[in-house]
Ligand code: MN
């Protein structure tokens with residue numbers, strides 16, 4: 001029997017929620033996958049543990065002050081150790097890597113993802129901000145290098161799974177489902193007083209802090225409509241959001257003949273991670289199965305754009321194009337950090353984002369340098385509005 005070479009995987013952001021779940025998938029399928037590189041921003045202790053368990057070729061830590069600790073802790077193993085954000089971007093393009101899982105948080109994912117695409121790697125894309133900020137640029141690069149971008153975000157994985165076997169059948173509409181988050185039923189007055197601790201209790205999904213706040217504010221869904229536009233080449237009016245509290249239908253595609261396909265399952269990020277690794281194949285798992293006998297109903301409702309204004313901002317940014325989604329993202333990263341530190345209230349996040357979107361300089365056809373500059377200036381502008 002021929003032995004198939006193991007797929008070499010680089011995980012950028014290995015200590016986060018997606019990164020650790022990806023390592024579980026790899027550990028469960030050690031005959032198929034091998035960890036080539038692991039990178040983290042700050043969590044050096046966990047990175048050390050992971051490196052000792054998976055013995056990758058190389059590890060990189062973004063925050064350089066952890067370099068010595070990382071180097072010393074791995075001194076007895078043949079693992080190359082790097083530090084600094086540039087090294088993370090370089091790790092992504094190493095020749096033996098087959099798949100790069102981009103699981104870092106926010107804008108920091110952009111540069112390494114661009115490098116990996118230029119190097120022609122398969123991208124398992126978990127860092128949605130990359131496509132939000134610079135979708136046009138990323139798609140151009142991927143086109144040039146023939147690099148495939150496989151979605152890890154559960155909604156986009158669902159759509160991707162619905163499209164399997166559909167050839168060139170045109171999409172009429174994408175229907176992204178949203179859980180509605182922990183504040184779905186809260187009134188405007190109640191929303192004024194909700195805390196970051198309450199926002200961090202997501203009803204259905206286990207996720208990192210930043211994305212959990214984004215889910216509570218519906219900014220996550222806003223980012224996902226922009227992500228969907230770029231991944232699936234549809235126009236803004238072809239993307240709909242429906243609140244589906246049970247989070248069992250992960251998203252849907254409607255075709256020209258009126259047929260709608262949906263992908264269902266238990267909410268578990270390991271499935272979309274694994275599907276991105278094995279596409280177009282499916283691997284047997286022991287993940288919990290959904291049982292229709294235990295779930296008496298699926299519900300659907302419209303998202304409320306008056307209480308959750310971020311989703312409206314995202315539609316606006318998507319339609320406006322240019323650097324507007326980049327402005328939206330940078331402002332959001334700053335307000336979320338401030339909300340997590342209880343410096344501003346929940347509703348203030350949207351108020352500040354709205355002000356920044358009106359004030360920041362609009363660029364219709366941004367280059368990479370324009371994105372870098374926009375990100376930098378918007379962060380300053382937003383911080384000034386908070387302090
Ligand atoms: Mn999602």
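Name the shape class, rounded, prolate or oblate, that the alpha-carbon gyration tensor gives for segment 156-320, where a ≥ b ≥ c are the square roots of its eigenvalues, rounded holds for a/c under 1.5, and otherwise prolate holds if a/b is larger than b/c and oblate otherwise. Judged from the Cα gyration tensor, segment 156-320 comes out oblate (a/c at least 1.5, b/c at or above a/b). Run through the DSSP bridge list for the chain and note the antiparallel percent, rounded to the nearest 5. Close to 25 percent.
Ordered from longest to shortest, the equivalent ellipsoid semi-axes for segment 1-102 are 22, 13, 13 Å, each the square root of 5 times a Cα gyration tensor eigenvalue. Compared with the rule-of-thumb size 2.2 N^0.38 Å for a compact globular protein, the chain has a Cα radius of gyration ratio of 0.96. By the beta-carbon count within 10 Å of each Cβ, the least crowded to most crowded order of 185, 355, fewest first, is 185, 355. Direction-averaged projected area, Cα convex hull, segment 321-387: 4.0 nm², rounded to one decimal. Gain on full extension, evaluated as 0.36 nm per residue between residue 281 and residue 293 minus their Cα-Cα distance, stands at 1.5 nm. Summary of the geometry: segment 80-119 and segment 314-366, compared by the centres of their Cα atoms, lie 26 Å apart. For 259, 154, 217, the sequence from fewest to most other C-beta atoms within 10 Å is 259, 154, 217. Peptides 319-329, 80-90 ranked from most to least packed, by the mean per-residue count of other Cβ atoms within 10 Å: 319-329, 80-90.
Average projection, convex hull of the Cα set of segment 243-373: 12.7 square nanometres. Taking the centroid of alpha carbons for each part, segment 184-228 and segment 154-182 are 21 Å apart. Here segment 59-187 was treated as a single set of alpha-carbon atoms; its pair distances binned every 5 Å from 0 give 2, 9, 15, 17, 17, 13, 10, 8, 5, 3, 1, 0 percent. On the principal axes of its alpha-carbon atoms, segment 116-164 has extents of 27, 22, 14 Å, going from largest to smallest. Neighbour counts of C-beta atoms inside 10 Å place 54, 232 in the sequence 232, 54, starting with the fewest. Normalising the average separation of contacting C-alpha pairs (under 8 angstrom, six or more residues apart) by the number of residues puts the relative contact order of segment 72-142 at 30 percent.
Readers should treat all values here as calculations from the given coordinates under stated rules, not as data from a laboratory. Small disclaimer: the values here were computed from a predicted structure and weren't measured. Neighbour counts run over all protein chains shown; Cβ positions are idealised from the backbone, glycine included.
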